[in-house]
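Please read the structure below before turning to the comments.
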Amino acid sequence: MQVVVVGIRAVRLAEVVGWVREFEPAGTIIAGVGGGLAPQLKVGDVVVDGRLHKELPGVHLGRIHTAEKIVATPEEKAELFARTGALTVDMETGLIQPHLGAFWSKKACEMNPNVVNLELIPTILAVRAISDAADMTLDARMLTLVDAMGRPRMGKVLGMLLRRPAMIGELLSLRRQTNAALQGLVEVVEKLTTNPEIWLEC
């Protein structure tokens, strides 16, 4: 298994696509955290967008919507859920999937321009764990506290706490939620990578 970090808003998309072209993996998992849109989803729940050959307990199958910015309030989430039917929202999946899909489709056509067997095109699976539920408000300023790779920008964090000491409670809650989401994400991705028959075509 090879892990490639794509970054917030898929800032390293070109590198990821280049890696796929070079190594041609049997399948690709786009994994990370997202905001809940479906009311029944709790922090730590995991959504899979794609086909599974075997049921995974606790995993919700459904669409992942990609937004240009953080969908922050319960009202915004409810509107997006009603409009799209997506279970969760992120800012990367929809940017990555088309590029990978286009590459594999072109590759399949080059192999056999007369008959394209879509089942031979490697699987692209999107997996998102819920870090903020549909009824939770996420302060959009939190995104400024991490860099493009999701690493904390300690200067920004300290500066915000000096200006607004009460934010420490919100930051600690966000950390707990993110940790719960990451725990759920790791468990599901580990099952998928150690049991490829669950999702790979061959």
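The values are calculated or read from the model by the stated rules, or taken from the named source; none is laboratory data. Please read all numbers here as calculations on a predicted model, not as lab measurements. No Cβ is skipped: glycine too gets one built from the backbone with ideal geometry, and neighbour counts run over all protein chains shown.
A few comments on the model shown:
- Tally, over the stretch 160-202, of residues that are part of a helix (DSSP H, G or I) and either farther than 12 Å from Ile29 by Cβ or β-branched (Val, Ile, Thr) (or both): 30
- Subset tally (residues that are touching a strand residue (DSSP E or B) at 6+ places or on another chain (Cβ under 7 Å) and within 24 Å of Ala133 (Cβ to Cβ)) for the stretch 152-175: 1
- Within the stretch 1-49, if we keep just the residues that are polar (S, T, N, Q) and either over 18 Å from Ala86 (Cβ atoms) or part of a strand (DSSP E or B) (or both), the residue that is modelled with the highest pLDDT turns out to be Thr28.
- Candidates in the stretch 14-30 are the residues that are farther than 16 Å from Ala126 by Cα and under 19 Å from the mean Cα position of the chain (by Cα); of these, the one that is surrounded by the fewest Cβ atoms within 10 Å (Cβ to Cβ) is Ala14.
- Single match in Leu61, Leu52 (criterion: among the hydrophobic types (A, V, I, L, M, F, W, C), on the phi < 0 side of the Ramachandran plot and touching a residue at least 24 places away in the same chain (Cβ under 8 Å)): Leu52
- Ile96 meets all of the listed conditions (1) outside any helix (DSSP H, G or I); (2) under 17 Å from Ala10 (Cα atoms); (3) at pLDDT 90 or above but one, namely (1).
- Residue tally, condition within 17 Å of Leu56 (Cβ to Cβ) and either surrounded by 11 or more Cβ atoms within 10 Å (Cβ to Cβ) or within 15 Å of the chain's Cα centre (by Cα) (or both), over the stretch 157-195: 13
- Enumeration of residues in the stretch 69-84 that are touching a residue at least 40 places away in the same chain (Cβ under 8 Å) and in a helix (DSSP H, G or I): Pro74, Lys77, Ala78, Leu80, Phe81, Thr84
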